[in-house]
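This report refers to the structure that appears directly beneath it.
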Amino acid sequence: MLAAMYYGIFGGLLIPFIPIIGRKIGASNIEMAFLMAAPYITSLMTFLLTEDIFGKGRMCYVVWFNVIGRSFLLLMLFIYSPGYYTLIILLFFFLSAFAIPSYTFVMKSNYPDEQRGRLMGYVRIGMAVLWIIASWIGGYILNKETGYYRYVFPAAALFGILSAWEFGKIRIRREVKAKTKAIPVLDIIKTPFSDRAFLRFIISYTVFEIGFLMAMPLYPIVMVDYLRITNLQTGALGSVFSFFWLIGFFFWGWYMDKYSIKRVMTLFYLIAAILPFLYLLSFSLPAIAIAFAVAGFAIAAIEMISVNLITHMTQPNLVSRYSAIHITLSGVRGGIFPFVGIGLINIVGIKMVFLISAMLIISAAIAVSSHQYYISSSSHKA
């Protein structure tokens, strides 16, 4: 719980402000695409650490990659240009991504499938409350002077490092620390094609992410260029996001435990489609506030899909591999479609990009809800 609370302070002081501050200090459209795509692009190499190749136990990867990645944020003290700002954010996300397959393994080992979603929701309470408070504090400080990010972000990094160290104190059940060979890349790539349920999941999720990702860099551009949003308003919107993120963890934890993967994914896609539709309808602060609420609710589902649903699709010894495949494919998509969205602005206009985004996400919902794309591997659920 203490690790989650530290992470709440870390996230609240950092995550809501990354794209907004980037734009305000002069980030170009392409740099904005990099900032928004960073969590995806930097996950491309996670498949290299699906196994315990050093024989140190999974927790070693979770702790050290997060500590090193967050330590790069300390360099923000010396960063003034948008180019270096973008580079530091990319390095932070790149190193943090290597921890995700092992984090999934830890969650699978310590918490039973039928309870994991609900338990994860409970752990997030303290984290979300502190995230909300930290977002307000960060917004207040940055509203005094945008350049104060050089102090706010390193302060956030210290709490992030404390979070990783505290999480490392968790003892993993049923783990034998033994050095294992890395799985050949070709074997990892072939995995989805030998599991039809997982392949169907990957197909529908690809359609969703194409739509979701092409609109991502456009949101902060609208907020800064069209609405002239203040940093205090950014902090307030970050709090809205966090509140509905917390509600989302409870809802999705309950919903994933109760219903089939097919039903979960259909509802998730339909809710996610609301986000670009809101930007399509209006460039106004009330619409953006609702969009942040929807985004928080949807992002909670995305995080729990990566950790909770993936664990239902395979055996414990393959969880890290399936997780890495899912994350790496998201990285491939994240390295392409935010830039497609930026490119389309000059061709069809920003509003039309939001429409295309929404229609693609709805297409994913239609696909996964059809009999042909039924993806649940647990048919006992409704």
How much area per residue is accessible in segment 1-44 when the probe is 1.4 Å and only protein heavy atoms are counted (Å²)?
31 Å²
For segment 1-41, shape from the Cα gyration tensor axes a ≥ b ≥ c, cut at a/c of 1.5 then a/b versus b/c, turns out oblate
When the solvent-accessible surface of protein heavy atoms is calculated with a 1.4 angstrom probe, in what order do GLU31, GLU145, GLU303, GLU209 fall, highest first?
GLU145, GLU303, GLU31, GLU209
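The values are calculated or read from the model by the stated rules, or taken from the named source; none is laboratory data. Everything quoted here is computed from the prediction, not taken from an experiment. In case anyone asks, the SASA skips ligands and DNA or RNA and just uses the protein heavy atoms, side chains included. Shrake-Rupley method; radii C 1.70, N 1.55, O 1.52, S 1.80 Å.
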